[in-house]
Structures are given as structure tokens and as C-alpha cells.
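*Asks:* Handing you a structure now.
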Amino acid sequence: MDLPLDITTIKGFLADDEAQALYSAAQAASATGPVLEIGSYCGKSTVVLGAACQLNNSVLYAVDHHRGSEEHQKGEFFHDPDLYDAAEEQFDSFREFRKNIARAGLHDTVVPLVTGSDVASRCWNTPLAMVFIDGGHSLEAALTDYRCWASHIVRGGVLAIHDIFEKPEEGGQAPLAIYQLALASGLFEAPERVNSLVLLRRC
Ligand SMILES: C[S@@+](CC[C@H](N)C(=O)[O-])C[C@H]1O[C@@H](n2cnc3c(N)ncnc32)[C@H](O)[C@@H]1O
């Protein structure tokens, strides 16, 4: 993995082995078309996917409203006070995201879509070589992400889903639910598992 920046310096939620697997998948996929992620936060996964896309002169669409998921809100377990805009009285990861994309030199590759996943998808018409789902982890949010974006993946393309936990005590069950939905649809095959990340191939 050849990254322009040490990703341990970026706030976020991605293990090293997951980053490596995403990078390899995106490097292969982006040779055939654009990649899209849902859930960028401060840009950790964005830098990994973006660096792979840059090698192929491809594009990474980075969808995030930057208002945080349920668990990032004030008083919640994963709240980071550095990412709270006191004047606006709301969470805001976009400033940090932009800083990290600039540090990584990925302006020519990363296209931020600062809005909800459902809104971004409304008039979407571009086939995607890879989709990485790491947005909201409520069942409603995860189902929306799957339903809005999985159908845009080309045959042979990749669907990656983060934070798969078989046991409820290890983590939320919504990503697992959409992973099972993807498998049951018959549209995806050859699941590969790396830590809490799964990668599926569109048949
Ligand atoms: C777990 S974090 C993403 C972590 C990131 N991939 C990383 O590598 O660190 C989830 C992100 O999803 C975003 N998010 C949650 N619900 C969303 C929605 N409906 N549409 C767009 N973004 C959403 C949040 O703002 C948050 O930044």
C-alpha cells in the first residue's frame, strides 16, 4: 500500500488490515471505473481509497453530510469534542476532512458530496466499479445505503461493507443485516472477510 500520508494521523475508524484490503480492491476496481464511499468522517478511508483511485486517474466520490452518525453526537460514546462546532452547535467533520484531503494531495481525485446518502443517490446515473458502505449504523441508514447504491455497481465490481459483527455485544447489527441481504439477493458472490470488513463481487 503506497499512501501519500500516514493514516494513523487521521481521526477515524479503520484498522490497518482493513485499509490494506480496501486499497487493493480499489486499485483493481478503479482501473475500470469510479469508486464511491458512504461515510468519510475525517477522511481515513477516503485517503486509502483515493490514493488507489489516483493511480488509475480515476475518481472517488466521498458521500458524507459530515454531521456525524448517532454515536458521534454530543454525549454519545464516540463523540469527539474537537469535531464539535460550538458556534453552530453541531458536529462538523468537514473542515478536518478537507484538511486531510489537501495533506494527501488528493484534490484531483476525491469528489466530496456533502449531503445525505439518499439525496446524493437521487439522480445518480453513473456506473460504479466499487462501493464502500461505512455510513450510519442504524438499520434504517444501512438499508438506505444498500438500496440506494448497490444497484449502481457494475458486474465484476465490488461491494465493501464495514463493521460486520456477528455478535450484538461486539457491535451494531445493521451492517451485518445488509451484508446478509446482499448475499441473499443472489447478485453478489465470493465474500472475502478482513477483520470487520467484507468485500463482495457483483455477479
Ligand atoms: C463510521 S464514520 C465513517 C468512518 C470512515 N470511513 C473512516 O475511515 O474513518 C460514519 C460517517 O457516516 C456519516 N453518515 C451517517 N449517516 C449518513 C447519511 N445518511 N448520509 C451520509 N453520511 C452519513 C457520518 O457523518 C460519519 O462521518
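The values are calculated or read from the model by the stated rules, or taken from the named source; none is laboratory data. Computed from a predicted model, the values in this text were never measured in an experiment. Here the Cβ positions follow ideal geometry from the backbone for every residue, glycine too, while neighbour counts run over all protein chains shown.
*Asks:* Please give the number of the condition Val154 fails out of (1) closer than 17 Å to Ser138 by Cβ; (2) β-branched (Val, Ile, Thr); (3) not in a helix (DSSP H, G or I).
*Replies:* With respect to (1) closer than 17 Å to Ser138 by Cβ; (2) β-branched (Val, Ile, Thr); (3) not in a helix (DSSP H, G or I), Val154 is out only on (1).
*Asks:* To continue, here is another question. Identify the residue in the range 130-142 that is surrounded by 15 or more Cβ atoms within 10 Å (Cβ to Cβ) and of a type in the set (A, V, I, L, M, F, W, C) and, among all such residues, is nearest to the ligand (Cβ to nearest atom).
*Replies:* Of everything passing the filter in the range 130-142, Ala141 is nearest to the ligand (Cβ to nearest atom).
*Asks:* Among the residues of the range 43-100, write down those that are hydrophobic (A, V, I, L, M, F, W, C), under 24 Å from Trp124 (Cα atoms) and free of Cβ contacts under 8 Å to residues at least 60 places away in the same chain.
*Replies:* Val47, Val48, Ala51, Ala52, Cys53, Val59, Leu60, Ala62, Phe94, Phe97
*Asks:* So which pairs qualify, if the first residue must be in the range 116-132 and of a type in the set (Val, Ile, Thr), the second must be within 14 Å of the ligand (Cβ to nearest atom), the Cβ gap must be under 6 Å, and the two must be at least 6 apart or on different chains?
*Replies:* From residues that are of a type in the set (Val, Ile, Thr), the pairs are Val131/Leu36; Val131/Trp149.
*Asks:* For the range 151-198, give me the residue count where each residue is in contact (Cβ under 8 Å) with a residue 60 or more places away in the chain and among the aliphatic types (A, V, I, L, M).
*Replies:* Number satisfying all stated conditions: 5.
*Asks:* Out of the residues in the range 126-173 that are among the hydrophobic types (A, V, I, L, M, F, W, C) and farther than 22 Å from Val111 by Cβ, which is nearest to the chain's Cα centre (by Cα)?
*Replies:* Top of the filtered list is Ala142.
*Asks:* A further question follows. Can you name the residue in the range 105-129 that is in a loop (DSSP other than H, G, I, E, B) and within 13 Å of the ligand (Cβ to nearest atom) and, of all such residues, is surrounded by the fewest Cβ atoms within 10 Å (Cβ to Cβ)?
*Replies:* The residue in question is Arg122.
*Asks:* Under the condition of being at pLDDT 95 or above and part of a loop (DSSP other than H, G, I, E, B), which residue from the range 7-16 is nearest to the ligand (Cβ to nearest atom)?
*Replies:* Restricting to residues being at pLDDT 95 or above and part of a loop (DSSP other than H, G, I, E, B), the top hit is Gly12.
*Asks:* Only one residue in Ser45, Ser24, Ser40 is closer than 13 Å to Ile133 by Cα, part of a helix (DSSP H, G or I) and small (Gly, Ala, Ser), so which one is that?
*Replies:* Ser45 is the lone residue from the list that is closer than 13 Å to Ile133 by Cα, part of a helix (DSSP H, G or I) and small (Gly, Ala, Ser).
*Asks:* Let me confirm something: among Ala87, Ala52, Ala26, Ala19, which residue is near the ligand (Cβ under 9 Å from one of its atoms), out of contact with any Pro (no Cβ under 8 Å at 6 or more places or on another chain) and either among the hydrophobic types (A, V, I, L, M, F, W, C) or under 22 Å from Leu106 (Cα atoms) (or both)?
*Replies:* Among Ala87, Ala52, Ala26, Ala19, only Ala19 is near the ligand (Cβ under 9 Å from one of its atoms), out of contact with any Pro (no Cβ under 8 Å at 6 or more places or on another chain) and either among the hydrophobic types (A, V, I, L, M, F, W, C) or under 22 Å from Leu106 (Cα atoms) (or both).
*Asks:* In this structure, does Ala87 turn out to be of a type in the set (A, V, I, L, M, F, W, C) and crowded, with 19+ Cβ neighbours inside 10 Å?
*Replies:* no
*Asks:* Just for the range 36-52: of the residues that are within 10 Å of the chain's Cα centre (by Cα) and hydrophobic (A, V, I, L, M, F, W, C), which one is surrounded by the most Cβ atoms within 10 Å (Cβ to Cβ)?
*Replies:* Once the filter is applied, the top-ranked residue is Leu49.
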